[in-house]
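Everything on this sheet refers to the single structure shown next.
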Amino acid sequence: MVQKTSGLSPDGATIFIKTLINKTMLKERINADFMSAFKNKETEKKNFLGVVKGEIQNEEGRSGIANDDVVVAILRKMEKSLTQTGTPEALKELEYIKPYLPVQMGPEKIRIIISAYKDSGITNPGKMMGEFNKTFKGMADNKVVSEIVKEVLAG
């Protein structure tokens with residue numbers, strides 16, 4: 001899978017490539033980890049990954065799609081729910097989810113990418129956000145991205 005990364009700094013391109021590698025075949029990684037937990041008698045992990053697999057299968061049945069973007073969306077939804085619950089069990093389950101989620105970019109990386117967009121001639125905040133989300137979907141909090149877009153365009 002090759003996507004256009006024109007106008008990106010080397011740091012932005014590196015983050016993009018690493019994320020592609022980390023996101024490759026999430027569904028298969030979850031299935032393999034489920035089987036590993038089953039074989040190693042890690043009951044809690046196996047049970048939780050079974051729930052994750054069930055959510056993926058439900059979405060696949062509804063939409064017919066279970067690519068990595070869909071799996072990440074499911075995991076983010078579960079992450080949000082578990083974070084809000086805040087129980088010790090939920091916090092342990094969050095640890096099971098983390099290896100499958102893309103690493104979130106820090107503000108400095110986002111600022112480099114947004115500045116590169118500005119330098120390449122994109123000055124519309126909506127177009128900047130759209131380009132960022134097209135290329136780096138799920139890798140940054142959109143609220144943070146929006147704030148940085150406003151800062152970069154203002155100054």
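The values are calculated or read from the model by the stated rules, or taken from the named source; none is laboratory data. Quick caveat, the model's predicted, so the values are computed rather than measured. Glycine also receives a Cβ, built like all others from the backbone with ideal geometry; neighbour counts cover every protein chain displayed.
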query = Filter the stretch 42-66 for residues that are surrounded by fewer than 13 Cβ atoms within 10 Å (Cβ to Cβ) and outside any helix (DSSP H, G or I); which is nearest to the chain's Cα centre (by Cα)?
reply = Ile65
request  = From Glu89, Glu93, grab the single residue that is part of a helix (DSSP H, G or I), out of contact with any helix residue (DSSP H, G or I) (no Cβ under 8 Å at 6 or more places or on another chain) and in the same structural domain as Glu55 (by TED's automatic domain parsing).
outcome  = Glu89
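To keep it simple, each residue is scored yes or no on (1) closer than 30 Å to Ile30 by Cβ; (2) β-branched (Val, Ile, Thr); (3) crowded, with 18+ Cβ neighbours inside 10 Å.
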| site | (1), (2), (3) |
| --- | --- |
| Gly106 | yes, no, no |
| Ile110 | yes, yes, yes |
| Thr123 | no, yes, no |
| Lys127 | no, no, no |
| Asp141 | yes, no, no |
In the stretch 117-140, the residues that are basic (Lys, Arg), under 16 Å from Ala154 (Cα atoms) and out of contact with any helix residue (DSSP H, G or I) (no Cβ under 8 Å at 6 or more places or on another chain) = Lys127
query = For the stretch 25-35, what are the residues that are under 16 Å from Ile97 (Cβ atoms) and either surrounded by fewer than 15 Cβ atoms within 10 Å (Cβ to Cβ) or aromatic (Phe, Trp, Tyr) (or both)?
reply = Ala32, Phe34
